[in-house]
1. Could you check residue 151 against (1) part of a helix (DSSP H, G or I); (2) modelled with pLDDT under 90; (3) more than 15 Å from the chain's Cα centre (by Cα); (4) surrounded by 15 or more Cβ atoms within 10 Å (Cβ to Cβ) and say which number it fails?
2. Which condition number in (1) closer than 30 Å to residue 244 by Cα; (2) loosely packed, with under 14 Cβ neighbours inside 10 Å is the one that residue 68 fails?
3. Could you tell me which of the residues 281, 274, 254 is touching a strand residue (DSSP E or B) at 6+ places or on another chain (Cβ under 8 Å) and touching a residue at least 40 places away in the same chain (Cβ under 8 Å)?
4. For the range 154-188, give me the residue count where each residue is in a strand (DSSP E or B) and modelled with pLDDT of 85 or more.
5. For the range 199-207, check the following and say yes or no: at least one residue is surrounded by 13 or more Cβ atoms within 10 Å (Cβ to Cβ), free of Cβ contacts under 8 Å to residues at least 60 places away in the same chain, more than 21 Å from the chain's Cα centre (by Cα) and farther than 26 Å from residue 246 by Cβ.
6. What are the residues in the range 246-275 that are surrounded by 14 or more Cβ atoms within 10 Å (Cβ to Cβ) and either assigned to a loop (DSSP other than H, G, I, E, B) or not assigned by TED's automatic domain parsing to the domain that holds residue 209 (or both), if any?
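The values are calculated or read from the model by the stated rules, or taken from the named source; none is laboratory data. For clarity, every value in this text was computed on a predicted model and none was experimentally measured. Using ideal geometry, Cβ is built from the backbone for each residue, glycine included, and neighbour counts are taken over all protein chains shown.
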């Protein structure tokens, strides 16, 4: 499988709903496998998924499906069945880390515009392009002109390469739209801000009580808490374009949601990694 196909598999990650076995396994792969040395025994992966209440039979079939998508590859070591992270997936995971864990860069630092005119014979690819642009936080200025923060430019290039649309799409970076209306009004038209608001608020509603009620947790419980939170959170920084406060509704839940995620990470991520190392026997 080519690197662009692997990149597509990672970009299509959003088709896996948080909490489902495929989404949880992708979260484990992105959050732990590199720290474990890039390889994990099948039994260890099954144990990690068991901590998330995924049955062993479902865990094994999910591993097989993720390998079929090109993110993992079967690789036994010393007679032990296991899976290795494909090298082509690493750059996309690193880019995902930057999106998930780093503070959101304000979109008013620069924009990325994506303009296209795709023939009707390629309407399926046109549909796929729009779907993927939506999933990386781009908004719709018009059917053939999309806008996103400048930081999505590399993701856009990966999407175009995978869909073989590079020659039919023009990408501008550093753009600054000039309009006679305030950005808040335009943003409400270009992005589905209510969807993004609901994601932030849902994260707050689900995990604020967990943080308030729980102190130190045993490593298995810390693993379940951290992976569950990471699994739910990781799509939000993609869909949230990182608009400046002046373009957002009053009481926008983005900042407290991000702060809560940071608290959960600080409190549980190290213990979760310790659990992953213990059950896999991998990493230092």
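1. Failed condition: (3).
2. Failing condition for residue 68: (1).
3. On the way: 274 fails: touching a strand residue (DSSP E or B) at 6+ places or on another chain (Cβ under 8 Å); 254 fails: touching a strand residue (DSSP E or B) at 6+ places or on another chain (Cβ under 8 Å).
Being touching a strand residue (DSSP E or B) at 6+ places or on another chain (Cβ under 8 Å) and touching a residue at least 40 places away in the same chain (Cβ under 8 Å) holds for just one of 281, 274, 254, which is 281.
4. Applying the first criterion (in a strand (DSSP E or B)) to the range 154-188 yields 169-175.
Adding the requirement that they be modelled with pLDDT of 85 or more leaves 169-173.
The total comes to 5.
5. Filtering the range 199-207 for residues surrounded by 13 or more Cβ atoms within 10 Å (Cβ to Cβ) gives 199-204, 206-207.
Subsequent filtering for residues that are free of Cβ contacts under 8 Å to residues at least 60 places away in the same chain retains 199-204, 206-207.
Narrowing the set further to residues that are more than 21 Å from the chain's Cα centre (by Cα) leaves none.
No, the conditions are met nowhere in the range 199-207.
6. 248, 252, 253
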